[in-house]
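One structure is given below, encoded as structure tokens.
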Amino acid sequence: MLHSLRAFIAAHRDDMSAFLAELIALDTENPPGRSYETCLDQIARKLEELGLASEVLPVPGGDADPNHPRYWLRSRWGGSGPSLYFHGHVDVVPANGENQFEPRITEDTVFGRGSTDMKGGLVSMIYAMKALEETGAALDGGIELRIVPDEETGGRLGSRALSDAGLLFDKEALGMLTAEPTGGIVWHASRGAITGNVVLEGRKSHVGLQYRGINAFEKAIPVLNALRELKADVETRETDFPLEPEEARHSILLMGGEVTGGANFNVVPDYFVFSVDRRINPEEDFEEEKRRLVSTVEAAGARFEIHQEAHPASVSADHPVAQALSRSVEEVSGSRPSLELCPGILEIRFYAERGVPALAYGPGLLTVAHGPSEFVKRKDLESCALVYAMAAQSLLS
Ligand SMILES: [Zn+2]
């Protein structure tokens with residue numbers, strides 16, 4: 001089986017890169033969430049060309065911004081019975097370099113925004129489905145492809161809305177694989193996040209009349225001190241999940257990533273806002289950590305406006321889905337991958353919260369994913385397609 005799948009994928013090397021280039025050129029920047037329908041329609045046309053049926057549908061409640069409506073795509077291939085979900089996102093982070101929506105293909109690399117995060121992964125998943133069909137794989141079940149918007153902004157009008165509407169997956173879901181760039185390893189766990197802004201208000205006044213004002217910036221001092229104490233405590237905790245280097249295992253509280261406030265050097269600032277990003281290890285209790293963070297900020301006299309909440313997620317390394325994925329990576333690459341905690345958050349959480357084992361494995365490197373010269377190696381697109389096909393074959397037969 002490995003041999004014929006490999007031959008099919010090798011024969012489609014150029015098609016895969018060309019299709020990826022087409023997708024990169026369709027600018028799906030998020031925010032604001034551009035061209036979702038256009039890009040998903042393009043994917044649907046490709047699926048049709050490959051003989052795979054699909055539907056592009058509006059996300060429930062996804063028309064809140066009429067200029068940027070949210071759409072998603074679903075496709076199924078295989079027989080009846082339990083399904084393995086291939087899950088990916090169509091949005092990309094905003095451009096931060098030159099010509100990022102002008103893809104470039106060289107002998108061994110595809111360059112462009114989204115090449116690794118994660119239009120490249122989508123291409124690998126689609127060609128995995130096609131490879132299984134072409135090589136006559138008979139599966140006791142099916143592969144469900146899910147391509148969603150809004151992953152890069154927390155999934156509220158993507159996976160969150162679809163899961164709440166019961167559309168993301170059904171009760172026959174056997175497991176889920178997502179194609180985030182994992183650089184050859186498998187992520188079987190992800191951190192949670194509570195992200196928000198600490199808001200302090202004051203009263204504006206000219207410097208000469210500063211006694212009439214209330215300084216919002218100075219009001220932040222007790223809040224910062226309290227948060228620094230909390231941070232010191234948070235950082236004593238370490239996850240037991242494998243993660244390299246060792247410093248990366250500590251729980252996280254980042255403050256001041258974004259800061260705004262004040263109008264001018266000679267005016268008492270009437271507002272001061274700074275961000276707090278709390279990243280929670282899988283062993284920590286989400287609700288308890290949220291309560292602690294909010295009460296620390298409030299007790300020091302400020303307001304905390306939360307704009308992202310994501311629960312941590314994990315699946316045991318011994319779970320059959322994790323084992324099947326690891327074995328497939330080993331068969332394709334020759335070595336067993338390590339299973340690690342993802343340093344960021346992953347959409348595996350939407351599946352894990354309803355008991356569906358979910359893991360990430362995909363082409364490319366996290367370190368180039370949101371950067372100015374994003375790229376993916378063409379051999380990684382091919383080997384990931386092969387891994388997805390092998391994993392599906394092993395789980396569904
Ligand atoms: Zn991604």
- Item | Residues of the range 319-358 satisfying the condition of being charged (D, E, K, R) and under 21 Å from residue 244 (Cβ atoms) | 330, 336, 340
- What do you reckon, is residue 392 in contact with a strand residue (DSSP E or B) (Cβ under 6 Å, 6 or more places away or on another chain), at pLDDT 95 or above and not in a loop (DSSP other than H, G, I, E, B)? yes
- Task: Of the numbered conditions (1) buried (at least 24 other Cβ atoms within 10 Å of the Cβ); (2) within 16 Å of the ligand (Cβ to nearest atom); (3) not in a strand (DSSP E or B), residue 132 fails exactly one; give the number of that condition.
- Result: (2)
- Query: Among the residues of the range 179-201, is any assigned to a strand (DSSP E or B), farther than 30 Å from residue 234 by Cα and within 16 Å of the ligand (Cβ to nearest atom)?
  - Reply: no
- Picking from 57, 52, which residue would you name as being outside any loop (DSSP other than H, G, I, E, B), more than 16 Å from the ligand (Cβ to nearest atom) and surrounded by fewer than 22 Cβ atoms within 10 Å (Cβ to Cβ)? 57
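Name the one entry in 327, 291, 336 that is modelled with pLDDT of 95 or more, in a loop (DSSP other than H, G, I, E, B) and surrounded by fewer than 17 Cβ atoms within 10 Å (Cβ to Cβ). So that I can check it myself, show each step before the final result.
Values: 327 fails: in a loop (DSSP other than H, G, I, E, B); 291 fails: in a loop (DSSP other than H, G, I, E, B).
The conditions single out 336.
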- Query: Looking at (1) more than 30 Å from residue 98 (Cβ to Cβ); (2) away from the ligand (no atom under 16 Å from the Cβ), can you tell me which one residue 313 breaks?
  - Reply: (2)
- Residue among 76, 45 that is surrounded by fewer than 19 Cβ atoms within 10 Å (Cβ to Cβ), assigned to a strand (DSSP E or B) and either modelled with pLDDT of 95 or more or of a type in the set (Gly, Ala, Ser) (or both): 76
- Tally of residues being surrounded by 21 or more Cβ atoms within 10 Å (Cβ to Cβ) and either within 12 Å of the ligand (Cβ to nearest atom) or in a strand (DSSP E or B) (or both) across the range 376-388: 1
- Query: What tally of residues in the range 129-143 results from selecting those that are of a type in the set (Val, Ile, Thr) and modelled with pLDDT of 95 or more?
  - Reply: 1
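Answer yes or no as to whether residue 166 is modelled with pLDDT of 95 or more and part of a loop (DSSP other than H, G, I, E, B).
Considered against the rule, which asks whether it is modelled with pLDDT of 95 or more and part of a loop (DSSP other than H, G, I, E, B), residue 166 comes out as yes.
Mind listing just one residue for me: the one in the range 81-125 that is closer than 30 Å to residue 356 by Cα and assigned to a strand (DSSP E or B) and, of those, farthest from the ligand (Cβ to nearest atom)?
Result: 83.
The values are calculated or read from the model by the stated rules, or taken from the named source; none is laboratory data. Everything numeric in this text was worked out from a predicted model, so none of it was measured. Cβ coordinates were reconstructed from backbone atoms using ideal geometry, including for glycine residues, and neighbour counts include every protein chain displayed.
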